[in-house]
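The values are calculated or read from the model by the stated rules, or taken from the named source; none is laboratory data. The model shown is predicted, which means the values in this text are computed figures rather than measured ones. Virtual Cβ from ideal backbone geometry, glycine too; neighbours counted across all protein chains shown. The area values use the complete protein model at the heavy-atom level, side chains included, leaving out ligands, DNA and RNA. Shrake-Rupley method; radii C 1.70, N 1.55, O 1.52, S 1.80 Å.
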Amino acid sequence: MREIYKTTRLSVASVLFVAVIIVGLITTRRPDIEYALTPQQTIEKLKNSNNEISPLEVAKSMKVGGNQFVCIDLRSPYDFSKGNISGSVNIPANRILEKESLEFFDKNAGKTATIVLYDENQSLANGPWMILMQLGYTNVKMMQGGWDFYAKMNLESPDQNLSWQVETPKYNYAAIKASSSQSVTSGTPAEKKEVVLPEKKVKTKKVEGGC
Amino acid sequence: MNKTYVILALVLVLLGIGLIFLKANPNNTEIPPDKLLNELNDNTHYISTDDLAQRIIEGDPSVQLIDVRTAKDAAGFMLPGAINVPMGDLLTEESKAVLTQDGKDFIFYCNGDILANQAWIISRRAGLARLHVLKGGLNCWVETILQPKPPAPTEPQEAFDLYQARLGASQFFTGATIEVKKSETKENVDLTKKTKTRKVEGGC
């Protein structure tokens, strides 16, 4: 009697054990979105190809009405509604990995037009661009300067200093460090705000009255 | 021998054999793209030049600056205590050893903040933690810390306090001597005492 009881327990346990493993195998699924490039390939890509496009280039193309670029606005819909590059599509930065967005990128991936990402500034467009690049999209670039520069740009007399290139060193750091004592004192002297302290009123009269 | 034991053992052996043929996933410590994007959109990985200056001045031992510019650029000028890890060398064993030190906050910087951000993304994807990016990079460092600009007289008191702090930081980082001249910017407001003309009256 005892022997039979032990056997049923064992078989129940074994069935459960196998069931758990099978359920585990079925329910484990691979992540929806996977990197196409390894980190090493990503670094190679960062070094080799030209990943950025100047706002001037985009503006010139937009002026002649070419369809050389498909511009993606990564800002919020509110900012997008206030002003954008004509013909651009609004995909906020936090939604670029949603299904519809990826479908959009897939649709445009095979075409000759370059997808240009832009945000308020280039730093904000850099993250989404890096993600899309690592997912394997090859014709995606980011716009230097971002909307901040694009909105202010004058096509007739473009900025000769290319000030939208934030990676260019603007100063000679070593020289600044060497000639530091001059550089700081030559500026205007430290201006301190006068602090106005209200004077305390001294009561001169005796306290009167009260109930 | 019981038949059940044999079946059970066979099942386990079969499952064990199955494990051998499972595809190895070497990148299981990687951060998936969607999570990485969320962290990027938070923008919490940036550190301002003022915060960094303060931490260096205070001698915070957890600060580890990483210069991601080329070795040539880094040879000319580096922030104090920085280690040069050019982008191309980011995944070498040597760099990994630097970026996995215990108890350190790693702060990437470059001329702007694009390169540093890219280095951040690659390292973060590899699962490294406590990584930061210097907002604005060296250009911003010069503009705010080494050569701060005085605020306009109309700006709030905080701007003046910040300017004072930056002058102090500038002195710390460059060894400059600063002449502080007293200059009147605001007219003194006369607080004349009001004299009461009437007698105190009343009570209840």
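How about region B:89-143: which helices (runs of 4 or more DSSP H) wholly inside it have at least 1 residues that are at pLDDT below 90 and more than 10 Å from chain A (Cβ to nearest Cβ)? Working first, answer last.
Working: elements: B:93-99, B:114-125, B:137-141.
Result: B:93-99.
Restricted to region A:145-154, and to residues there that are among the hydrophobic types (A, V, I, L, M, F, W, C) and in a helix (DSSP H, G or I), the residue that is farthest from the other protein chains (Cβ to nearest Cβ) is A:Ala151. When residues in region A:21-73 are screened for being more than 13 Å from every other protein chain (Cβ to nearest Cβ) and in a helix (DSSP H, G or I), 12 of them pass.
For region A:95-128, give me each residue that is within 14 Å of another protein chain (Cβ to nearest Cβ), in contact (Cβ under 8 Å) with a residue 12 or more places away in the chain and either farther than 29 Å from B:Lys135 by Cα or more than 16 Å from the chain's Cα centre (by Cα) (or both). Give the steps one after another, and end with the answer.
So in region A:95-128, the residues within 14 Å of another protein chain (Cβ to nearest Cβ) come out as A:95-99, A:101-102, A:105, A:117-128.
Checking the rest, the ones that are also in contact (Cβ under 8 Å) with a residue 12 or more places away in the chain come to A:96-97, A:102, A:105, A:117-128.
If the condition is that a residue be within 14 Å of another protein chain (Cβ to nearest Cβ), in contact (Cβ under 8 Å) with a residue 12 or more places away in the chain and either farther than 29 Å from B:Lys135 by Cα or more than 16 Å from the chain's Cα centre (by Cα) (or both), then A:Leu102, A:Phe105 are the ones that fit.
I need the full set of residues from region A:155-186 which are in a loop (DSSP other than H, G, I, E, B), more than 36 Å from the chain's Cα centre (by Cα) and either modelled with pLDDT under 65 or facing chain B (nearest Cβ under 7 Å) (or both), in order please.
Initial filter on region A:155-186 (in a loop (DSSP other than H, G, I, E, B)): A:155-172, A:179, A:186.
Then drop every residue that is not more than 36 Å from the chain's Cα centre (by Cα), which leaves A:179, A:186.
Residue satisfying the conditions is A:Ser186 alone.
Scanning region A:26-46 for residues that are surrounded by 11 or more Cβ atoms within 10 Å (Cβ to Cβ) and over 18 Å from B:Arg125 (Cα atoms) gives no hits. The number of residues in region B:29-52 being over 22 Å from B:Gln101 (Cβ atoms), more than 12 Å from chain A (Cβ to nearest Cβ) and assigned to a helix (DSSP H, G or I) comes to 2. Filtering region B:144-175 to residues that are open to solvent by 40 Å² or more (accessible area, probe 1.4 Å), over 27 Å from B:Ala74 (Cβ atoms) and part of a helix (DSSP H, G or I) leaves B:Gln157, B:Glu158, B:Asp161, B:Leu162, B:Gln164, B:Ala165.
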